[in-house]
Amino acid sequence: MAGLRNGQELMGRDGILTPLIKQLTEAALQAELEAHLEFDEKPNRKNGFGKKTLKAPSGSFELNTPRDRAGTFEPQLIKKHQTYLSDEIERKTVSLFGLGMAYQDIASHVAELYGLSVSNSKEPAETALDELEEPVG
């Protein structure tokens with residue numbers, strides 16, 4: 001919030017929300033890959049990252065997209081060749097960090113993005129939240 005007080009814009013390329021949305025999107029994609037590798041019947045593993053520029057209502061940013069060796073990973077949140085992040089995803093992403101929101105509520109929002117049910121198992125939604133260890137600075 002200090003950025004807002006210092007006159008930094010909320011939206012746009014240098015806005016406060018853009019790095020947050022980038023970090024959440026990358027964490028969700030990483031969680032998708034982890035889930036894919038866990039349930040893949042053939043031996044497979046991570047194979048680095050690709051880069052793509054993603055346009056979002058809050059501004060454009062470069063996204064690191066995870067890959068697998070076998071080339072069988074098909075992300076669902078940001079599909080291959082997709083270059084635009086929908087307004088709905090962005091709104092839900094921002095809502096994750098509402099004040100006083102419980103962990104289960106945040107997991108429910110991420111699960112809703114994926115069309116998953118939130119259960120006791122470690123779904124991609126929960127894995128994505130675990131990936132968010134470093135604060136956006």
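Restricting region 49-76 to residues that are hydroxyl-bearing (Ser, Thr, Tyr), at pLDDT 90 or above and under 30 Å from Ile16 (Cα atoms), the residue that is surrounded by the fewest Cβ atoms within 10 Å (Cβ to Cβ) is Thr53.
Are any of the residues in region 16-32 surrounded by fewer than 14 Cβ atoms within 10 Å (Cβ to Cβ), at pLDDT 85 or above and among the acidic types (Asp, Glu)? No; the residues of region 16-32 include none that is surrounded by fewer than 14 Cβ atoms within 10 Å (Cβ to Cβ), at pLDDT 85 or above and among the acidic types (Asp, Glu). Under the condition of being hydroxyl-bearing (Ser, Thr, Tyr) and under 14 Å from the mean Cα position of the chain (by Cα), which residue from region 77-93 is nearest to Pro19 (Cα to Cα)? So, considering only residues that are hydroxyl-bearing (Ser, Thr, Tyr) and under 14 Å from the mean Cα position of the chain (by Cα), the one nearest to Pro19 (Cα to Cα) is Thr93. Quick check: anything in region 97-104 part of a helix (DSSP H, G or I), over 22 Å from Leu17 (Cα atoms) and either modelled with pLDDT under 70 or not basic (Lys, Arg) (or both)? Scanning region 97-104, I find at least one residue that is part of a helix (DSSP H, G or I), over 22 Å from Leu17 (Cα atoms) and either modelled with pLDDT under 70 or not basic (Lys, Arg) (or both), so the answer is yes. Here the condition is being over 15 Å from Leu24 (Cβ atoms) and surrounded by 14 or more Cβ atoms within 10 Å (Cβ to Cβ); of Lys46, Lys79, Lys42, it holds for Lys46 alone. Every condition in (1) surrounded by 14 or more Cβ atoms within 10 Å (Cβ to Cβ); (2) basic (Lys, Arg); (3) modelled with pLDDT of 85 or more holds for Lys92 except the one numbered (3). Being out of contact with any strand residue (DSSP E or B) (no Cβ under 9 Å at 6 or more places or on another chain) and at positive phi holds for only one residue in Gly48, Gly59, and it is Gly59.
Number of residues in region 41-62 that are charged (D, E, K, R) and over 28 Å from Tyr84 (Cα atoms) equals 2.
The values are calculated or read from the model by the stated rules, or taken from the named source; none is laboratory data. This structure is a prediction, so every number in the text was calculated from the model and none was measured. When we count neighbours, we look across all protein chains shown, and the Cβ atoms used for this are built from the backbone with ideal geometry, even at glycine.
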